[in-house]
Amino acid sequence: MKYKLSALFLISGLFLNTCLFAAELPDSLDLVYRANISGINIGTLNRNLRAIGKGKYKVTSETNATGIAAILLRDTYREKSEFKVVADMIYPLSYHQAPDNRPDKARIATFDWDKKKVTLNNDRVYDISPGVQDPASFLFFWMLNPPRIGQTGKISLVDGKRMSQYEFKVIGHEKIESLWGKINTLRIERQKEGSPDKILRMWLATDYSNIPVIIENIRPKYKMTFTLEKADGLEAGGKGKGERKD
């Protein structure tokens, strides 16, 4: 269960780093999500995006478990990614994810776009092409290219351990409760090829620059839910930071 929890925090993070702005990325953005399983609080996930110049960005995240999850994980998981944006296309440059107390468990990926190769610290090497993402850069695609109802597609993700292909589908509009009250959202679902019983589902706030406000990581025996509690740096549409009060 320990490794399942840490993996779910990481996998769900594929949707937490992006879907925020339709035209461009902000220079600074801070997000806090509350995680729970079957209504039981298990921790928080903090995401930070920073522009570092010349079209490059850095994403950092910190996973802090609470309650039973803290006993099982016994660590803080951190994630770092750097990428560049060229003509609305995101090109990952480096990715690193590891628990603080176990650097030997790090997952590291280094992207070489001149050679069109990505090298992992487990000695795996894959061919890459524009569109390949890491877990921290993945949905920034939606920030630059807003999703359309009925849209489907595939994307390859490099998580530092392997490269996998995922299918996504834009389902439709729904109204849900959020830190801003009841809002309009667009629901998107994603699943790994060959794993139809494992679904990642998210709701993008269409009036708040497509920021993901709820993410559900569905597994055969349980469901993990991430709910946005705080957003600092959101300026699109004249709507600034928010914080959940309940």
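The values are calculated or read from the model by the stated rules, or taken from the named source; none is laboratory data. All values reported here derive from a predicted model rather than from experimental measurement. Quick reminder, even Gly has a Cβ in these numbers, built from the backbone with ideal geometry, and neighbours come from all protein chains shown.
Identification of strands (runs of 3 or more DSSP E) wholly contained in segment 1-113 with 2 or more residues that are modelled with pLDDT of 95 or more, of a type in the set (Phe, Trp, Tyr) and within 18 Å of ILE215 (Cα to Cα) yields no element.
Contact map, segment 182-197: first residue under 19 Å from ARG148 (Cβ atoms) and touching a residue at least 40 places away in the same chain (Cβ under 8 Å), second residue assigned to a loop (DSSP other than H, G, I, E, B) and not charged (D, E, K, R), Cβ cut-off under 8 Å, separation 6 or more or different chains; pairs are ILE188/PRO147. ASN121 satisfies every condition listed in (1) buried (at least 17 other Cβ atoms within 10 Å of the Cβ); (2) over 13 Å from LEU157 (Cα atoms); (3) at pLDDT 95 or above except (1). Of the residues screened, LYS230 is not one that is in contact with a Ser or Thr (Cβ under 8 Å, 6 or more places away or on another chain), basic (Lys, Arg) and modelled with pLDDT of 85 or more. Take the conditions (1) free of Cβ contacts under 8 Å to residues at least 60 places away in the same chain; (2) more than 30 Å from THR66 (Cβ to Cβ); PHE141 misses just one of them, which is (1).
Okay, residues lined up against (1) assigned to a strand (DSSP E or B); (2) surrounded by fewer than 14 Cβ atoms within 10 Å (Cβ to Cβ):
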position	(1), (2)
PRO130	no, yes
PRO135	no, no
MET143	no, no
PRO146	no, no
ILE155	yes, no
LYS161	no, no
GLU167	yes, no
VAL170	yes, no
LYS175	yes, yes
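Residues considered: SER164, SER94, SER137, SER156. Of these, the only one that is hydroxyl-bearing (Ser, Thr, Tyr) and under 24 Å from ALA231 (Cβ atoms) is SER137.
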